[in-house]
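Contents: one structure, followed by commentary.
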Amino acid sequence: MTNKYSLPRGTADILPPETILWQNIEQKVRKVLENYNYREIRTPVFEETALFKRSLGQTSDVVNKQLLELVSTKEEGFALRPEGTASIVRSYIENSLDKKESLSKLYYIGPMFRGERPQKGRLRQFHQIGVEAIGPDSTSPYLDAEVIHLSLSILKALGLGEITLKINTLGTPQDKENFSKLLRKQLEGNISKLCEDCQSRFERNVFRVLDCKNRDCKEVIKGLSIGTSYLSPESLAYYNQVKAALTALNISYQECPDLVRGLDYYTHTVFEITSAGLGSQDALGAGGRYNNLVEELGGSKADAIGFALGIERIILALGEKLTAELQTLDCFLLSLSDKCTLKAFETLKSLREANISCDMNYRSASMKSLMRLADKSRAEKVLILGEDELQKGIFTVKNMKTGEQSEIKMENIYQEITKRI
Ligand code: AMP
C-alpha cells in the first residue's frame with residue numbers, strides 16, 4: 001500500500017526515543033550558552049522576503065536559489081527563514097535593544113528552511129543553534145575570540161573532539177572591495193576553466209567562486225595567491241589581535257585566506273568549524289562579524305558577531321557516540337479487570353498530582369500482555385490492581401529491577417512510592 005501523504009523531501013520526522021537525544025543536546029547547549037551570559041531570543045519562522053534579500057544579498061545562493069517563499073494573497077511577500085541573523089537584527093532594531101543594553105548577547109535554537117537539493121547533511125528543514133552579540137561600538141578582538149570559543153565549547157560539551165577551526169578576515173567594506181578586485185584580477189585568465197555558475201559569479205559576486213564545490217573551480221582556487229595585501233593596516237592589526245586572543249585561550253586554528261562565507265553581510269573575522277568524518281558536507285557551523293548590517297537594515301550603527309551550528313550535522317558527526325538515555329517512569333499501574341480501572345484511574349491522577357511520573361493500561365488484557373506493557377514503559381515499579389486487591393484495599397507492588405513483590409495499603413501508596421523512589 002502506498003502512503004497517501006508523505007514527508008516533504010529534505011525534511012525529517014524526529015520520533016521518540018530520538019527526540020530524547022535532541023532534548024539532551026538542547027539542554028547541554030543552553031547550559032553552555034547561559035554560562036557565557038547569552039539569553040534566548042525567539043523570532044517567527046517567517047519574515048518579509050525583502051528582509052532576507054536585503055541582508056543576505058541578492059547574489060547569495062541562499063536568496064537566489066534557496067529561499068522558500070510563502071504564497072500569500074496579500075501583496076507583501078513572506079519567506080521561511082533560511083538562517084537566524086536577519087530576523088534577530090530585525091528584532092534588535094524593532095525592539096530598540098540598543099537603547100536597553102550596551103551589548104545584547106542573544107542565542108536561538110530552532111528550525112531553518114532552504115530549498116536545497118537534499119542529500120546527506122543537507123536538508124530543506126534543518127535546525128541551528130545560533131548566537132549573535134550585537135551592540136554599538138562593541139567591536140573587540142576579545143569578543144570575537146569569546147564567540148569562537150563559545151562555538152567550540154558547545155561542540156566540546158556535546159562530545160565532539162576532532163574538529164578544525166578555520167579563520168580568515170574580510171576587513172572593512174573597503175578592504176572587501178580590494179579583495180574582490182584582487183580575486184577578479186587573479187581569476188581573469190582562468191574564467192573559461194570555471195563552471196557556468198562561477199562564470200556568472202565572477203561578474204555578480206566574485207567571492208562566491210571561492211565557495212564553489214566544483215572540482216575544476218577548486219583547482220583554479222588552489223592556484224590563487226591571496227595574501228593580506230587587500231587589508232588596511234588597521235584591519236590587519238585587528239586580525240592579529242583576534243589571533244592573539246585565540247592563542248591566549250589556547251585555541252588552535254587554521255588560517256584560510258580563501259574562507260569568505262556564503263553571505264554578503266560579513267566584515268572582518270569569519271570562521272568555520274569542520275569535522276573530517278562528515279564527507280563533503282563537512283561544516284558543523286560557521287560565523288563571523290557583521291558590523292554594517294544593523295545600519296543597513298535601518299537601525300543605528302551597531303557592531304555584531306555571531307555563528308550558527310547545524311544540529312543535524314552535529315548528530316551525524318557524533319554518530320555512534322550518541323546514545324540516548326531512554327525516558328523512564330516512576331510507576332505503571334496495571335488494572336487487571338474493567339472493574340478495577342476506575343480506582344486505578346483515580347490513583348493515577350493523585351500520583352501525577354504528587355509529581356510522580358506514571359501511566360496505566362486503559363483496557364484490561366492478559367497478565368502476560370499487561371506485564372509486557374509495563375516493561376516497555378520502563379517503569380521502576382508496577383502497581384497491580386486486581387479484584388482481589390480492590391477488595392482488600394491494597395496494591396501489589398512489583399519492583400521491576402529486583403523482581404521483589406510486596407503489598408501496600410491503598411491509603412499509604414503515595415508515601416510508599418515517594419519513600420522508595
Ligand atoms: P550557514 O548558515 O550556511 O553558514 O550554515 C551554518 C551551519 O548550518 C552549517 O555549518 C551546517 O551545519 C548547517 N546547515 C546549513 N545548511 C544546512 C542544510 N541545508 N542542511 C543541514 N544543515 C545545514
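Which loop-located trypsin sites (Lys or Arg not before Pro) does segment 187-259 contain, where loop means any DSSP state but H, G, I, E or B and the Cβ has at most 14 other Cβ atoms within 10 Å? Display every interim value, and only then the final one.
Working: sites: Lys193, Arg201, Arg204, Arg208, Lys213, Arg215, Lys218, Lys222, Lys243; in loops: Lys213.
Passing both the DSSP loop test and the Cβ count: Lys213.
Using only Cα atoms, tell me the angle between helix 85-94 and the longest principal axis of the chain; keep it within 0 to 90° and round to the nearest 10.
90 degrees
Would you kindly give the portion of the calculated P(r) for segment 329-420 that falls above 16 Å, as a percent of all Cα pairs?
Numbers: 1942 of 4186 pairs.
Value for segment 329-420 (Cα pairs over 16 Å): 46 percent.
Using only the alpha carbons of segment 51-106, what is the convex hull's orientation-averaged projected area in square nanometres? Spell out each step's value before the answer.
Numbers: hull surface 19.1 nm².
The number I arrive at for segment 51-106 is 4.8 nm².
Report the one residue of Gln415, Gly403, Ser337 whose Cα lies farthest in the direction of the positive end of the charge dipole of segment 329-420 (charges on C-beta: Lys and Arg +1, Asp and Glu -1; origin at the Cα centre).
Gly403
Quick one: angle between helix 233-248 and the longest Cα principal axis of the chain, in degrees between 0 and 90, rounded to 10, please.
The answer is roughly 30 degrees.
May I ask for the equivalent-ellipsoid semi-axes of segment 199-252, computed as the square root of five times each C-alpha gyration tensor eigenvalue and listed largest first in whole Å? Intermediate values should be presented prior to the final figure.
Working: eigenvalues 172, 47, 20 Å².
Taking √(5λ) for each eigenvalue gives 29, 15, 10 Å, largest first.
Dipole of segment 329-420, Cα-centred, from +1 at each Lys and Arg C-beta and -1 at each Asp and Glu C-beta, to the nearest 20 debye?
Charge dipole, segment 329-420, about its Cα centre: 260 debye, nearest 20.
Hey, what angle do you get for helix 173-187 against the long axis of the chain, alpha-carbon based, 0 to 90 degrees rounded to 10?
In the chain, helix 173-187 runs at an angle near 70 degrees to the longest axis.
Springs between alpha-carbon atoms under 10 Å, Gaussian network over the chain: tell me which of Ala354, Ala248, Ala317 tops the mean-square fluctuations.
Taking springs between Cα atoms under 10 Å, the residue moving most is Ala354.
Which trypsin sites (Lys or Arg not before Pro) from segment 110-144 combine a DSSP loop assignment with at most 15 other Cβ atoms within 10 Å?
Values: sites: Arg114, Lys120, Arg122, Arg124; in loops: Arg114, Lys120, Arg124.
For trypsin sites (Lys or Arg not before Pro) across segment 110-144 that sit outside H, G, I, E and B with at most 15 neighbouring Cβ atoms in 10 Å, the list reads Lys120.
Considering the dipole of segment 74-138 built from charges on the beta carbon (Lys and Arg +1, Asp and Glu -1) around the Cα centre, which of Gly110, Phe126, Ser138 is farthest to its positive end?
Result: Phe126.
List the lysines whose Cα sits under 27 Å from the Cα of Lys343, skipping any in the same chain fewer than 8 residues away.
Qualifying lysines at Cα under 27 Å: Lys368, Lys376, Lys381, Lys392, Lys398, Lys401, Lys409, Lys419.
Among Gly130, Gly288, Gly223, which one shows the biggest mean-square fluctuation in a GNM of the chain, springs joining Cα atoms closer than 10 Å?
With Cα springs under 10 Å in the chain, the top fluctuation among Gly130, Gly288, Gly223 is at Gly223.
Counting helices only, and only those DSSP H runs with n ≥ 4, report the 222 nm mean residue ellipticity of the chain as the sum of -39,500 (n - 2.57) divided by its residues, in deg cm²/dmol to the nearest 500. Working shown, then result.
On the way: 17 runs with 166 residues, N = 421.
When only DSSP H runs of four or more count, the value is -11500 deg cm²/dmol.
About its Cα centre, how strong a charge dipole does segment 120-272 have in debye, to the nearest 20, once Lys and Arg get +1 and Asp and Glu get -1 at the Cβ? Could the numbers behind the result be given before it?
Details: 19 positive and 19 negative charges, 124 e Å.
Approximately 600 debye in magnitude.
Within segment 125-161, name every residue whose backbone N is under 20 Å away from a label modeled 7 Å from Cα of Leu70 along the Cβ vector.
Answer for segment 125-161: 125-128.
Starting from the 7 Å offset along Cα-to-Cβ, what nm value, one decimal, do you get for the label separation of Ser102 and Lys349?
5.7 nm
Once the Cβ-Cβ distance between Thr228 and Ser300 is put in as r, and R0 is 35 Å, what FRET efficiency do you end up with, to the nearest 0.05? Mind dumping the intermediate values first?
Details: r = 31 Å, r/R0 = 0.89.
The calculated FRET efficiency here is 0.65.
What's the magnitude of the charge dipole for the chain around its Cα centre, counting Lys and Arg as +1 and Asp and Glu as -1 at the beta-carbon? Answer in Debye, nearest 20.
Details: 57 positive and 56 negative charges, 164 e Å.
About 780 debye.
From the alpha carbon gyration tensor of the chain, can you work out the equivalent ellipsoid semi-axes (sqrt of 5 times each eigenvalue) and give them in Å, largest to smallest? List each step's numbers first, then the result.
Details: eigenvalues 588, 108, 88 Å².
Largest first, the chain gives 54, 23, 21 Å.
A short reminder: the numbers here are calculations on the coordinates, not readings from a lab. Nothing here was measured: the structure is a model prediction, and the numbers come from that model. Because the Cβ atoms are built from the backbone with ideal geometry, glycine has one as well, and the counts that use them run over all protein chains shown.
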